[in-house]
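Single-structure report; data block below.
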Number of protein chains: 2
Amino acid sequence: MSTTPATSIWETPMRRALELAARGPAVDPNPRVGCVLLDAAGHTLGEGFHRGAGTPHAEVAALADAARRAGGGEAALAEAGAHRLPAGTTAVVTLEPCNHTGRTGPCAEALLEAGVARVVIAQTDPTPLAAGGAERLRSAGVELLTGLLADEAEQLNPWFTQSARLGRPVVTLKLASTLDGRVAAADGTSQWITGPAARLDVHRQRATAGAIVVGTGTALADDPQLTVRLPEDDPARALLRVPAPAADDASGSATLRQPLRVVVGTRELPASARLRDDAAETLLLPTHDPAEVLATLAGRGIHHVWLEGGPTLAAAFLRAGLVDRLVHHLAPALLGAGAGMVSDLGIGTIAEIDRWQLQEVARLGDDLRLTLTPGPAGPHTPTPSGEDA
Amino acid sequence: MSTTPATSIWETPMRRALELAARGPAVDPNPRVGCVLLDAAGHTLGEGFHRGAGTPHAEVAALADAARRAGGGEAALAEAGAHRLPAGTTAVVTLEPCNHTGRTGPCAEALLEAGVARVVIAQTDPTPLAAGGAERLRSAGVELLTGLLADEAEQLNPWFTQSARLGRPVVTLKLASTLDGRVAAADGTSQWITGPAARLDVHRQRATAGAIVVGTGTALADDPQLTVRLPEDDPARALLRVPAPAADDASGSATLRQPLRVVVGTRELPASARLRDDAAETLLLPTHDPAEVLATLAGRGIHHVWLEGGPTLAAAFLRAGLVDRLVHHLAPALLGAGAGMVSDLGIGTIAEIDRWQLQEVARLGDDLRLTLTPGPAGPHTPTPSGEDA
């Protein structure tokens, strides 16, 4: 998968770059990236990481750091791009430098201007738009090394990476039901089918997403707030952390983001709906087309969508083939009647069954969490007619 | 739980008695029992185990073995009861000797007549009918020691033990469904929702039961054979083994039993139904009352019932509180429509949800097997109203 050499003198600085990258916001329109600049003798000239959309890319932050360390002071910082690095400088960066102009200029150009002689890259850029930086550098005569610790670099930005490959946000469908697939009792009551551990897990999983999506049916029936609410000491709070642009390192000040709340459907939300409070931004999308929902969210830089129901919206995404992952909280209980987990999927006969593959089974208090990915296309191989029930 | 002393000189002979017991049929109207007779110096005088209903109890088998070893030959064997053991003889037996006359006389009396001085017992008899043997022996002046390796002895006969405590057969309800609780697609087709490993597991689990029960609905819709069909080398075949009365040990000849097939309901089975073949005995019970079904099966010496559906019969047993264990084969698949796993349970609102407790989660090929026992009576503790979805 990667072109990593068995050992490399660049492994130590790359691990440092990965450490720096991890200080960036885990869920952001932009990936987390770290960069280390080294002189020909291997001494660090500068370091940087990306602090989130609208702030400098990691390479530019490292160049600014190098300018500051070189003694330029505030004046030099203001024109960091102009700082010239010593001959033989190597840039070690966790993601291929971008080659396009977004809110910031292309990093490949910035490295070239600063006179970098060699660039060591972990992950090549999976996005068609930003890719090409490596080629730009190579054609300008820069020595290039790619694939070093590429798997670790991918793990920093799993949703960004998978989303780039899919060309749309990754969609996780959250399900919660009894053993017999009920999400509510006969009278519509549903609080609570799962226990406190499963409900805490929902908040942790919401924190991994850029957007939490429900249909108007769920919004009207349950009046959910759809925010991430975690105890102060919960490790998943790190997923909400957005470092302040000025903060020096991981211990620096930060704000906590909330995922975008999205309501899909044409029915009106009452003014009193909790989704209209100011705990987080809410986007109303008057459509029934899952592809349209994802296109809108992709346009907002969202890589991972946490789809929380209800049965109609879940079925619409499943029918469209736009669910990449199921997280099913299964309560060891029976109801015998009440609403089902997903609405009609258009499956008429057993040969058309929609199979998934179990990736993980975890106990959450009294409940189970099943994590699944799309399975083989067809049903189980039929067995000889002699084998019956 | 047991009165086992920390160490006991009787542990070695008791382990031998447990070994002997395990040679008996695992599923039988009678429990598996082993017995070792030792003289005052600790030398074995005789050994025996129970080979199944209609054959001598373990104590009587051990007495006959002692008579034979004492050199009496065929004549002495014919009147084994009359053989007098040396003074100071100890009987080590895995289950409290019975005190009632069934197809054989009470074992407590047989031990007394043979002049046993001490009886060491593992498990006390859990059945009201046969119990009292220990008290009979004690009142006759025999030294008594109970509880040695009692847990191991119980494990030999789990269904017998639990059934004796319940006063009726233990009922395991077998369920198989998709994640959304469907047991068939919209057009009624259902072969196969689960994979080959789960279907093999069904045959292994059937082998643990004295009876396999279905409703007429399932019998008519699926025309199942309801026999245990296992590969030649499958270890679960041991559960079907009934040793021949004359066989000397575990390597001796044996026949394979099939569980009783039971069809509950008032609809007629066609003459062509596979349940009418001669692969196993079939009992038709024209009733809808689960308690009546269990009383009938208890009367036939059945300790464990494997209830295989369908949804209506499952609901009837669940509503009657007559299910002790769920075995749920869960296929990682969705159907969106089709028949549900259990019919109406009379549950109107979430507070009445029927909770179970997960005892085991196992992977069976692509599927999961959940084993559950009845859970706490009430629903999960409600959380403060501030906590929402």
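For the stretch B:102-208, applying the loop criterion from DSSP together with a ceiling of 16 other beta carbons within 10 Å to the trypsin sites (Lys or Arg not before Pro) yields B:Arg103. Dipole magnitude for the protein assembly as shown: computed about the Cα centre from +1 point charges on Lys and Arg Cβ and -1 point charges on Asp and Glu Cβ, it is near 0 debye. Once you sort the root eigenvalues of the Cα gyration tensor of the stretch B:194-327 as a ≥ b ≥ c, which label holds: rounded (a/c under 1.5), prolate (a/b larger than b/c) or oblate (the other case)? Taking the square roots of the gyration eigenvalues as a ≥ b ≥ c, the stretch B:194-327 is prolate.
Label-to-label distance for B:Ala238 and A:Leu256 is 5.6 nm, based on points extended 7 Å past Cα in the beta-carbon direction. Candidates B:Leu175, B:Thr373, B:Ala67 compared by Cα position along the dipole of chain B: farthest toward the positive end lies B:Ala67, with charges placed on Cβ. Where does helix A:290-299 land angle-wise versus the long Cα axis of chain A, in degrees 0 to 90, nearest 10? For helix A:290-299, the angle is close to 20 degrees.
Across the stretch B:168-374, C-alpha contacts under 8 Å between residues 6 or more apart give a mean separation that, scaled by the residue count, equals a relative contact order of 35 percent. Rank B:Thr55, B:Pro290, B:Pro196 by how far each Cα sits towards the positive end of the charge dipole of chain B (+1 on Lys, Arg Cβ; -1 on Asp, Glu Cβ) and give me just the farthest. Checked the options; the winner is B:Thr55. Once Rg and the Kirkwood radius are both taken over the C-alpha atoms of the stretch B:11-161, their ratio Rg/Rh works out to 0.93. The GluC sites (Glu not before Pro) of the stretch B:107-158 include none that meets both criteria, a DSSP state outside H, G, I, E and B (loop) and at most 15 other C-beta atoms within 10 angstrom of the site's C-beta.
If only the Cβ of Lys and Arg carry +1 and only the Cβ of Asp and Glu carry -1, the dipole of the stretch B:163-205 around its Cα centre is close to 320 debye.
Taking the DSSP beta bridges with both ends in the protein assembly as shown, the antiparallel portion is around 45 percent. Please give the net charge around A:Glu152, taking every other residue with its beta carbon less than 11 angstrom from that of A:Glu152, where Lys and Arg add +1 and Asp and Glu add -1. Around A:Glu152, the surrounding residues sum to -3. Angle check, please: helix B:11-21 long axis (alpha carbons) against the longest principal axis of chain B (alpha carbons), in degrees 0 to 90, nearest 10. Relative to chain B, helix B:11-21 is tipped by roughly 60 degrees.
In nanometres and ascending order, the distances from the B:Ala40 label point to those of the other copies are 10.3 (point 7 Å from Cα along Cα→Cβ).
Per-residue ellipticity at 222 nm computed for chain A from its helices equals -7000 deg cm²/dmol, with DSSP H segments shorter than 4 residues left out and the rest contributing -39,500 (n - 2.57). Nearest to the axis that brings chain A onto chain B is this chain A residue, judged by its Cβ, with the distance in whole Å: A:Gly181, 1. Based on C-alpha pairs under 8 angstrom that are at least 6 apart in sequence, the stretch A:81-186 has a relative contact order of 24 percent. Our note on the geometry: Cα centres of the stretch B:20-74 and the stretch B:247-322, 31 Å apart. With the label put 7 angstrom out from Cα along the Cα-to-Cβ vector, A:Asp289 ends up 6.3 nm from the copy partners, going from closest to farthest. Computed from Cα positions, the angle between helix B:196-206 and the longest principal axis of chain B comes to roughly 50 degrees.
Take every pair of alpha-carbon atoms less than 8 Å apart whose residues are at least six positions apart; their mean separation over the length of chain B yields a relative contact order of 16 percent. For the stretch A:11-161, the dipole from Cβ point charges (+1 on Lys and Arg, -1 on Asp and Glu) about the Cα centre works out to 200 debye, to the nearest 20.
With the convex hull constructed from alpha-carbon coordinates only, the protein assembly as shown shows a mean projected area of 43.4 nm² over all directions. Considering only beta bridges that DSSP places wholly inside the stretch A:11-161, some 50 percent are antiparallel. Among beta bridges identified by DSSP and lying wholly in chain B, the antiparallel ones come to about 45 percent. A simple count of charges around A:Ala114, restricted to other residues whose Cβ falls under 11 Å of its Cβ and scoring Lys, Arg +1 and Asp, Glu -1, yields -2. A point 7 Å from Cα along Cα→Cβ stands in for B:Ala53, and the other copies hold the same point at 7.3 nm, listed in rising order. Provide, in order from the shortest bin, the percent of all Cα-Cα pairs of chain A in each 20 Å bin, continuing until the bin that contains the maximum pair distance. That works out to 25, 48, 24, 3, 0, in percent per bin.
All of the numbers you see were taken from the coordinates with simple rules; none came from a lab. What you are looking at is a predicted structure, and each value in this text was computed from that prediction instead of being measured. All Cβ positions, even for glycine, are placed from backbone atoms using ideal geometry, and neighbour counts span all protein chains on display.
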